[in-house]
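Quick note: the coordinates plus some simple rules give every number you see, no bench work behind them. What you see is a predicted model, and the numbers here were worked out from it, not measured in a lab. Reconstructed Cβ throughout: ideal geometry from the backbone, glycine too, with neighbour counts over all protein chains shown.
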Amino acid sequence: MTQDREQTPLDHRLLATFAKEAETADPIDWSGVDIDRSAAYEIMASQIAEMFRDYEMQGIGRDPQMAIALSTIVKLSVENFVLNQRLLSAGLIQPEP
């Protein structure tokens, strides 16, 4: 691992900011839930950053971490897809036009 990468810790606030910006392209329906949007992003980003800091402490480099992150994104995307299909089947949401 290069020294530059060791000196660049994963900042959960930056992760939360990027994730919130990504939501503009595919908005989350926050209605009906009593959850503060910013707090939810901060908490999740903090947990993810801690998980990846632990990987680095275990000696797992950034390239394998990237593969872990991408596979996690795929898993969460599939989980979200299945949840949406269940909601559509139950008539709880309408298909997007």
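Structure values in brief
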{"quantity": "Computed over the range 1-92: relative contact order in percent, which uses C-alpha pairs under 8 Å that are six or more apart", "calculated": "33"}
{"quantity": "Helical mean residue ellipticity (222 nm; -39500 (n - 2.57) per DSSP H run of 4+; nearest 500) of the chain", "calculated": "-22500 deg cm²/dmol"}
{"quantity": "FRET efficiency for Phe18 and Asp54, using Cβ-Cβ distance with R0 set to 25 Å, rounded to 0.05", "calculated": "0.75"}
{"quantity": "Cα-centred dipole magnitude for the chain, charges only on beta-carbon of K, R (+1) and D, E (-1), debye, nearest 20", "calculated": "180"}
{"quantity": "Extension reserve of the Ala39-Ile68 stretch, reckoned as 0.36 nm per residue once the Cα distance is removed", "calculated": "8.0 nm"}
{"quantity": "Unit charges at the beta carbon, dipole of the range 3-89: most positive-side option, Ile43, Ala69, Thr17", "calculated": "Ala69"}
{"quantity": "Candidate values (1) 15.8; (2) 20.0; (3) 14.7, label of the one derived for Kirkwood radius over Cα pairs in Å", "calculated": "(1)"}
